[in-house]
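Single-structure report; data block below.
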Amino acid sequence: MRRVSDDFGKGLNVSPEAALEFEIQGERLLKRVNELMSAREDISELLGMNPLYIMYDNNSNHLRFISNVLKLNDYDLLARTLPWVYKTYTSRNFSEDFFPEVLKTWMEAIREQLSLENSEQIIKVYEAMLSSHDLSVKTSEDALIGMNVDEQWKAIEQKVVLALLKGSYRELQEIALGTIKDTRSLSDFYLKVVQPAMYEIGSLWQTGEISVAEEHLATSLMNRLMASTYSMIDTVPSHPRRKAVVLSSQNEYHELGARILADLLELNGWNVSYLGANTPVSEVLKHLKKAIPFLLAISVTMSFNLDHTKKLIQSVRFDSDFKGMKIMVGGLVINESEDLWKRLGADGTASSAAEAVEMAKLWWEERE
């Protein structure tokens, strides 16, 4: 994904105190922004005739995302996300003028609600976004979720996408049954068909060509398909000490990548506990206490869930019971940044499930 500018964020530095006040006062800020924006006479035009609740949801996501950016002091993440946000909003008929107006409204609320010293630091971040508006509009033209498809698998991948859009589970089963014959072909089906097909579904949602309900239906169908196809293959005997826990971050509902990794690890002889999506940090820690795995793999797709990921990693690092546990992070937002995984405190990251399996294997072989 293209970023706004290589110069974006230079000189920006928000103190931990300012980031904390922004987070603590978040709900008051959000309420004030919604009040000011909804009271505008031109709000319908700015929203492209979308209902107000969509703006409220978007503003809530903005609050969580900016809070993460400020706590991590990661303005490269912000620069990479802005074009995607612009593309998603404008594809749903939001006016391009909405962005500068809502940013100025956030600045007004921040000046009202936060201390002078802290508000001045955070206002500079909003000024940077505001000054990048024209470039954000321009770069949004290329800000699409996407994944290259192996030519050998392109025809099958397109059949899967069409079946998902039709909502036909029977067609998906027929495609899978005609493709998957052994462990290798199951792995290829996951990596070269399932993943790019779901990226394409994501792009269709991003551009407004399909609804949220249709995107959710496609995800549900794919989860059903993966459950049925995995049972077709005999698993490899697992090593009793080669344990892994795989999950999506708290508040994260995108679980396909984590599920693929869990299945591939099992196919490679790992004893896997797959905790699925949106597992609270406290519950993950309880499970880790019982399992004491060698590997913890966390998937995070949405940038506003990074704080939950960091909290989980820090909790593991501070507990002596988990000494030596390897932590891997992955997902769309992680892949968009070169060193975000380091700032989260992980031991490594992988750009694909196949790469993650190889990294886990290497770590196991290098263990003391």
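The values are calculated or read from the model by the stated rules, or taken from the named source; none is laboratory data. Keep in mind it's a predicted model, so treat the numbers as computed, not measured. We place every Cβ from the backbone using ideal geometry, glycine too, and count neighbours over all the protein chains shown. Calculation scope for accessible area: heavy atoms of the full protein, side chains included, ligands and nucleic acids excluded. Shrake-Rupley method; radii C 1.70, N 1.55, O 1.52, S 1.80 Å.
Just a few scattered comments:
- Rounded to 10°, Cα long-axis angle of helix 195-206 versus longest principal axis of the chain: 20 degrees
- Size of electric dipole in the chain: Cβ of Lys, Arg +1 and of Asp, Glu -1, about Cα centre, debye, nearest 20: 1240 debye
- Highest GNM mean-square fluctuation among HIS287, HIS239, HIS254, for the chain modelled with Cα contacts below 10 Å: HIS239.
- Debye, to nearest 20: dipole size of the stretch 240-368, +1 on Lys, Arg Cβ, -1 on Asp, Glu Cβ: 520 debye
- Karplus 3J(HN,Hα) series, Hz, for the stretch 52-63 with 6.51 cos²θ - 1.76 cosθ + 1.60 (x for Gly, Pro): 4, 4, 5, 4, 4, 4, 5, 5, 5, 5, 4, 4
- Two-decimal log10 I(q)/I(0) for the stretch 279-330, as the Debye equation yields it once each C-alpha is a single scatterer, q = 0.12, 0.19, 0.27 Å⁻¹: -0.24, -0.60, -1.19
- Cα gyration tensor shape for the stretch 33-155, rounded if a/c is under 1.5, else prolate or oblate: oblate
- Residue pairs, from the table LYS71/LYS243; LYS71/LYS104; LYS10/LYS71; LYS71/LYS192; LYS87/LYS124, whose Cα atoms sit over 26 Å apart: LYS71/LYS243; LYS71/LYS192
- For GLY276, residues with placed amide H under 5 Å, excluding near neighbours: SER248
- Close amide-amide hydrogen proximity is noted between GLY48 and SER95, each under 5 Å apart and 5 or more residues distant or on a separate chain (H modeled in the peptide plane; Pro and chain starts excluded).
- Helix axis angle, 212-230 relative to the chain longest principal axis, alpha carbon, degrees: 20 degrees
- Around the amide H of GLY269, modelled in the peptide plane, lie the amide H atoms of VAL236, all under 5 Å away and 5 or more residues distant in sequence or on another chain.
- Phi angles of the stretch 24-30 translate, via the Karplus equation with coefficients 6.51, -1.76, 1.60 and θ = phi - 60°, into HN-Hα couplings of 5, 8, x, 5, 5, 4, 4 Hz per residue; Gly and Pro are given as x.
- Taking all C-alpha pairs of the stretch 312-363, those more than 17 Å from each other amount to 37 percent.
- Selected from ASN335, ASN271, ASN148 as most flexible by GNM, with the chain as the system and alpha-carbon contacts under 10 Å: ASN148
- Shape of the chain, Cα gyration tensor, a/c cut at 1.5: oblate
- The stretch 21-82 - Rg (one decimal) and Dmax (whole number), Cα, Å: 13.2, 37
- Separation of the stretch 106-144 and the stretch 54-87, taken as the distance between their Cα centroids, equals 10 angstrom.
- Here the Gaussian network model covers the chain, with springs between Cα atoms less than 10 Å apart; of ASP307, ASP42, ASP188, ASP42 fluctuates the most.
- Along the axis of the charge dipole computed for the chain (Cβ charges of +1 for Lys and Arg, -1 for Asp and Glu, origin at the Cα centre), the listed residues GLY276, MET37, SER15 are led at the positive end by GLY276.
- Dividing the helix sum by the residues of the chain, where each DSSP H run of 4 or more adds -39500 (n - 2.57), gives a mean residue ellipticity at 222 nm of -18500 deg cm²/dmol.
- Look at the dipole of the stretch 168-232 built from charges on Cβ: of LEU191, SER220, TRP205, the Cα furthest out on the positive end belongs to LEU191.
- Remark: the chain carries 47 Å² of accessible area per residue (probe radius 1.4 Å; ligands, DNA and RNA excluded).
- Kirkwood hydrodynamic radius computed over the stretch 229-368 comes to 14.8 Å, based on all pairs of distinct alpha carbons.
- J(HN,Hα) series, the stretch 113-123, from Karplus relation 6.51 cos²θ - 1.76 cosθ + 1.60, nearest Hz, glycine and proline x: 9, 9, 4, 4, 4, 6, 5, 4, 5, 6, 4
- Carbon plus sulfur fraction of accessible area for the chain, probe 1.4 Å, in percent: 49 percent
- Prolate/oblate/rounded call for the stretch 168-286, Cα gyration tensor, a/c under 1.5 rounded: oblate
- Here the stretch 14-65 is assigned +1 on the Cβ of each Lys and Arg and -1 on the Cβ of each Asp and Glu. Its dipole about the Cα centre then comes out at about 80 debye.
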